[in-house]
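Heads up, the thing below is written out as structure tokens.
The values are calculated or read from the model by the stated rules, or taken from the named source; none is laboratory data. Predicted, not measured: the structure shown is a model, and the values here were computed from it. Cβ atoms come from the backbone with ideal geometry, glycine included; neighbour counts cover every protein chain shown.
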Amino acid sequence: MSFDRETAWRLLCQWTLNDNLRKHALAVEAAMRAHARRLGEDEEAWGIVGLLHDFDYEQNPTQETHVWVGAGVLREQGWPEEWVRAIEGHADYTGVPRDSELARCLFAVDELTGFLTACALVRPDRAIAGVEVRSVLKRMKEKAFARSVNREDIRRGAEEIGMPLEEHIAFVRDAMAGIAPALGLAGAGE
């Protein structure tokens, strides 16, 4: 078995039928690839980790099962242990330490990509590229907006990777803008 993007995409699609969850995986993949470039790391590997981080979520949406089932499947199939541990560490409740840049970056982008998507979807043009950092910061203070997104995880994620929050928001937004059509966030006339 090869551990490449095509194999990862097939695994994601086998487990995840929901289009929005697939788009979330693509957004996290794009952000992870951008961080890999920034840090001089393996862009393909980091992208695959982003793509697979929630592949089991649709079928296992509880803390008792999400991440654990997926990690078991990845280990059975022989995926690299560093990747599996990074995926385990993206959920605080697992208790798995984020002891690599890969793990810290995955945690840092996960909730943020979802929040940025929500910010883009309420814009008249629905374009991720037009989402302003100050607008994101303002929305983070609104408890009713995208209420399922953990704002503290967004703040801690930026802290863990050593980027100022504003800079990280812009960085991830720009990574997502690079694949905006695939995310349905390219704006009017997509």
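Please go through the range 56-72 and pick out each residue that is among the hydroxyl-bearing types (Ser, Thr, Tyr) and crowded, with 20+ Cβ neighbours inside 10 Å.
57
Restricting attention to the range 64-78, which residues are in a loop (DSSP other than H, G, I, E, B) and within 18 Å of the chain's Cα centre (by Cα)?
Answer for the range 64-78, where residues must be in a loop (DSSP other than H, G, I, E, B) and within 18 Å of the chain's Cα centre (by Cα): 66, 67.
Given the conditions (1) modelled with pLDDT of 95 or more; (2) under 20 Å from residue 169 (Cα atoms); (3) not polar (S, T, N, Q), report the number of the one that residue 143 does not fulfil.
(1)
In the range 97-120, how many residues are over 20 Å from residue 40 (Cβ atoms) and small (Gly, Ala, Ser)?
3
For residues that are in a loop (DSSP other than H, G, I, E, B) and of a type in the set (A, V, I, L, M, F, W, C), scanning just the range 1-37, find the one that is nearest to the chain's Cα centre (by Cα).
Checking each candidate, the answer is 17.
I'm checking my understanding of the structure. Among residues of the range 1-34 that are over 25 Å from residue 170 (Cβ atoms) and of a type in the set (Gly, Ala, Ser), which one is surrounded by the most Cβ atoms within 10 Å (Cβ to Cβ)?
8
Looking at the range 150-180 only, could you name the residues that are over 18 Å from residue 119 (Cα atoms) and touching a residue at least 60 places away in the same chain (Cβ under 8 Å)?
Correct list: 160, 161.
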